Amino acid sequence: MTRISRVLIANRGEIALRVIQACREMNIETILAVSEADRLSLPAQMADRAVCIGPPLPSQSYLKVDTIMAAAIGTGADAIHPGYGFLAEQPELAKACAKYDLAFIGPRAAHIKQMGDKIFARQVAVDSGISIIPGSELIADYRQAARFAERTGYPILLKAAAGGGGKGMKIVKTPADLRVAFNEASAEARSAFGDERLYLEHYVENARHVEIQIFGDGRGNVVHLFERDCSLQRRYQKLVEEAPSVALDSAMREKICRAAVKIAAQIKYRNAGTVEFIFDRNQAQFYFLEMNTRIQVEHPVTEQITGIDLVKEQFGVAAGNSLSFGQKDVKLAGHAIECRINAESPENNFLPSPGKIEQWIAPQGDNIRLDSHCFAGYVVPPFYDSLLGKIIVTGSSRPEAVAEMSAALGGFQISGIHTNISFHRRILDHPDYQTGEINTRWIESRLVKEPHFHEDD
């Protein structure tokens, strides 16, 4: 068993602050790795110590394994927490931690590599007896893609074999569109991941995106913490998450959670992860999509409905402890919704809006949680993701949670930069959302096409 007393946090923004807060409660000293752009950030001020690891660009700082390892070893850290994004999605940092006998607060390097390969992950699902969306293995070229697409049936979805976040993904509705889409998806995958390999799946048009939060101890024991519905997306990026999903009844919830546990247990997964599914509402059938081997942006939704601190649990498992809870201890209570607040202009094609925050008045209340690193006077840098923070609300029912979120968004005042707060309010006020009649393409196929969408509030 490993004692963790000093951790280097290899990330920034709200997730860095979230880890710092958890460590304070566990009496673990925190060292924050910061780029030159983040030296004066709130996480840098809140950590016990901050160490500069390079210039603002991620490729010169947050993505440099050698520099981060040097910072960890040089400060006497005995563990590294990667957060999400950056090196949390690559096995190299986990490998380096194993080499230098530092605890990695996350899964094994092999699991990051294996489940990050979509083809391998699909095979794990098949071996576990879980349905996958009809599709192909790796596609060598456009002609092979055409043959698979003919067999699968249009529409299809071209997908990068490596990486995620919507990069290298293209919907193809007709054979005439395939060649251009294939070339674009391949080029995008090569640019984003250094890996141009593609595969394809039949595209499910009326789909919900449902992910299951799981936790494993590395010995084959895995528990689930129910689902999150992440169907409200734009360009495959999640915007609103909630739990439980209104698309699932209790029987379907049990089946999909059991499937997620089975997949994670198959590889003896360790630490926090999510198993993601496409739920075909027309057929009442779910299909394995992918597995994310890290803590997720939307993890607070699960924490609010279960009362379990996932970040603290990450540290416990990484130290060699058993989970502090069993499956029978995980209870679903109430309804939670999360809205991601981004520095962007929805009225201007969601153009990023870096700059100085002049006013920051955050909503408060017993049922409101705000995870954010921002404040009045903070300068949002142009080098990173535009996420400013997340509002999470809870209610005893979905209508109550929706009302709580509407009130919270209405009380959130930010000036000096553009944000997507008004966009979130449009979503919550829409009859389709209030009745739960949405899918993964609803924002792009319905909301942004409505006549009033491009009008300023």
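Within region 286-319, being in contact with a Gly (Cβ under 9 Å, 6 or more places away or on another chain) and of a type in the set (D, E, K, R) holds for E290, R294.
Only residues that are crowded, with 18+ Cβ neighbours inside 10 Å and not aliphatic (A, V, I, L, M) were counted across region 355-368, and they come to 2. Within region 365-402, the residues that satisfy the criterion of being over 21 Å from G416 (Cβ atoms) and touching a Pro at 6+ places or on another chain (Cβ under 7 Å) are R369, I392. When the residues of region 189-207 are narrowed to those that are aromatic (F, W, Y) and not in a loop (DSSP other than H, G, I, E, B), which ends up nearest to A140 (Cα to Cα)? Ranking the qualifying residues of region 189-207, first place goes to Y199. Within region 38-57, the set of residues being in a helix (DSSP H, G or I) and buried (at least 19 other Cβ atoms within 10 Å of the Cβ) comprises D38, P43, A44. Against the numbered list (1) at pLDDT below 95; (2) polar (S, T, N, Q); (3) surrounded by 15 or more Cβ atoms within 10 Å (Cβ to Cβ); (4) under 30 Å from R446 (Cα atoms), Q213 comes up short only at (1). Among the residues of region 73-86, those that are more than 14 Å from V19 (Cβ to Cβ) and touching a Leu at 6+ places or on another chain (Cβ under 7 Å) comprise T75, D78. Mind checking whether some residue in region 249-262 is within 23 Å of G83 (Cα to Cα) and at pLDDT 95 or above? Yes: one or more hits.
Across region 314-325, what is the number of residues that are touching a strand residue (DSSP E or B) at 6+ places or on another chain (Cβ under 7 Å) and crowded, with 21+ Cβ neighbours inside 10 Å? Looking only at that region, the number is 3. Of all residues in region 49-60, those being closer than 23 Å to E29 by Cα and out of contact with any helix residue (DSSP H, G or I) (no Cβ under 7 Å at 6 or more places or on another chain) number 1.
Which is over 25 Å from D371 (Cβ atoms) and either outside the structural domain of T274 (by TED's automatic domain parsing) or in contact with a strand residue (DSSP E or B) (Cβ under 7 Å, 6 or more places away or on another chain) (or both), of G76, G83? Testing whether each residue is over 25 Å from D371 (Cβ atoms) and either outside the structural domain of T274 (by TED's automatic domain parsing) or in contact with a strand residue (DSSP E or B) (Cβ under 7 Å, 6 or more places away or on another chain) (or both) leaves just G76. Within region 234-248, the residues that satisfy the criterion of being under 12 Å from the mean Cα position of the chain (by Cα) and in a strand (DSSP E or B) are Q237, K238, L239, V240, E241.
The values are calculated or read from the model by the stated rules, or taken from the named source; none is laboratory data. Being a predicted model, the structure only gives us computed values, none of them experimental. For neighbour counting, all protein chains shown are included, and Cβ atoms are generated from backbone atoms with ideal geometry for every residue, glycine included.
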